[in-house]
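**Student:** The structure follows.
Quick note: the coordinates plus some simple rules give every number you see, no bench work behind them. Just so it is clear, the structure is predicted and the values come from calculations on it, not from any experiment. We place every Cβ from the backbone using ideal geometry, glycine too, and count neighbours over all the protein chains shown.
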Amino acid sequence: MMSCEVKEKERAGIINPIFTCQPCGAQYASIGIKDCIAIVHGGQGCVMFVRLLFAQHFKDNFDIASSSVHEDGAVFGAVHRVEEAVDVLLMRYPDVKVIPIITTCSTEVIGDDVDGVVRKLNAGLLKEKYAGREVHLISVHTPSFKGSQVTGYDVALDAFVRTLAKKDQPNGKINLFTGWVNPGDVTALKHLLAEMDIAATVLFEIESFDSPLMPNGDAVSHGSTPVEDIIGTANAMGTIALNRYEGGAAAEYLESEFNVPAVIGPTPIGIRNTDTFLQNLKKMTGKEIPLSLVRERGIAIDALTDLVHMFFADKKVAIYGHPDLVIGLAEFCLDLEMKPVLLLLGDDNSTYKKDARLKAFEEKVDFEMEVITNADLWELESRIKNKEIELDLILGHSKGRFISIDYNIPMVRVGFPTYDRAGLYRHPVVGYAGATWLAETMANTIFEDMEHKKNKEWLLNVW
């Protein structure tokens, strides 16, 4: 009986994790906001190691602050460190307007009242020392002992919208919550919006993460979504959150609180999901899909048609990473006649089993497919090592590269972080451009593997 089964990892503990913790996701969301520097309320390592991940991925540095909690704070409480950190940030950076205060496992365990500190600072320091200056303090609760970087991103975006969004006059724009994507993805999405002549508030504008080296040396790697745009999300004609688990909560809040209609998903990876995204834009705005995008779609389909049946059919794939990315990639692989036999979702989210996309896999796939939740990379390695699965390709971020190397299985780097290949953050995986890039990269990786293994099959399969 061929089937798709969604189940939790059977082992206790994690060996070689797929994700890191919630504060990482909150920090990633924070660096998307203009004039914003987050304070991570915890030990210095909670900033240092996350900034290292960002620097590895983007080859650029980012400004994030730490309240630098030490042993005495862990015993007696450390809310005074938040007060000092806010004051120092505002003195040192006169342009800062938004300060998210991101909690960590240590400060959540000791019970620091960050919400109370925000109220105290708003009533005291900000009125007394910084009167007349626009400052928004936002508490973001991201204890590291549950969830992951995925839930941390979702929690942070929800906190930003809940704290800042204010109802005013309709602004004629849509809200586009991109989820955790790369600068190249944002460029591709904004291209689709521009072709349809749609004005949008994009959370977040991260194209400037790929910052230039300028003669005057003033370029900074930081997002460019202004706080005014976040305030205005309550006045949009609708919200499209591309990822259910990275922006879905904020979209649902705007709908329930301000009657801003929400459409959640699908992640526009591949032709089918990009088609649905454009149709959702059309329904929400009344704008027609222009011939230019129909042509762009046709070029992508032509590129995929050149590859699908001859090179991709029945190739077995394992995919790991962020849930919306993994599911979108799996849907794309199915459309390419490939067989995604193993999907690894690396956190303890209990709602995955209810995901309609995974239920569709359970109902439709005609081969053995496993979806493992709370998974780690040992789950992938042990199946390969014990010959439980045979793979033609692995899709995932750089943390799994040693499995590819040790077992001689070709791998396409996709997701976060990717640091052992150059410039991948510039290439989209969403939209028609992303479909083309992904398919051609997968094909070229398979071709190179055939050559490396002296497999003469590729000689027979030339055009």
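**Student:** Kindly work out what percent of the DSSP beta bridges joining two residues of region 97-221 are antiparallel, to the nearest 5.
**Tutor:** 0
**Student:** Now for a different question. How tilted is helix 149-164 with respect to the longest principal axis of the chain? Cα atoms for both, answer in degrees (0 to 90, nearest 10).
**Tutor:** With rounding to tens, the tilt is 40 degrees.
**Student:** Follow-up question, since we're still on this one. What 222 nm value per residue comes from the helices of the chain, counting each DSSP H run with n ≥ 4 as -39,500 (n - 2.57) and dividing by all residues, nearest 500 deg cm²/dmol?
**Tutor:** Calculated at 222 nm, the ellipticity per residue is -13000 deg cm²/dmol.
**Student:** What is the sum of charges, Lys and Arg at +1 and Asp and Glu at -1, for the other residues whose Cβ falls under 9 Å from the Cβ of Pro410?
**Tutor:** Around Pro410, the charge tally is -3.
**Student:** Assuming a ≥ b ≥ c are the square roots of the Cα gyration tensor eigenvalues, decide whether the chain counts as rounded (a/c under 1.5), prolate (otherwise, with a/b larger than b/c) or oblate.
**Tutor:** The shape class here is prolate.
**Student:** Cross-link list Lys339/Lys387; Lys282/Lys353; Lys354/Lys385; Lys387/Lys454; Lys364/Lys399: which exceed 20 angstrom alpha carbon to alpha carbon?
**Tutor:** From the list (Lys339/Lys387; Lys282/Lys353; Lys354/Lys385; Lys387/Lys454; Lys364/Lys399), the Cα-Cα distance tops 20 Å for Lys282/Lys353; Lys354/Lys385; Lys387/Lys454; Lys364/Lys399.
**Student:** Here's another thing I want to ask about it. Show the residues, 5+ positions off or on another chain, whose built amide H is closer than 5 Å to the amide H of Ser3.
**Tutor:** It is Phe367, Glu368, Met369, by chain and number.
**Student:** Find the lysine pairs in region 1-151 meeting two conditions, Cα atoms under 27 Å apart and a separation of 8 or more places or different chains, and report how many there are.
**Tutor:** Lysine pair count for region 1-151: 12.
**Student:** Starting with the highest mean, order 428-437, 223-232 by the number of other Cβ atoms within 10 Å, averaged over the residues of each peptide.
**Tutor:** Descending packing order for the listed peptides: 428-437, 223-232.
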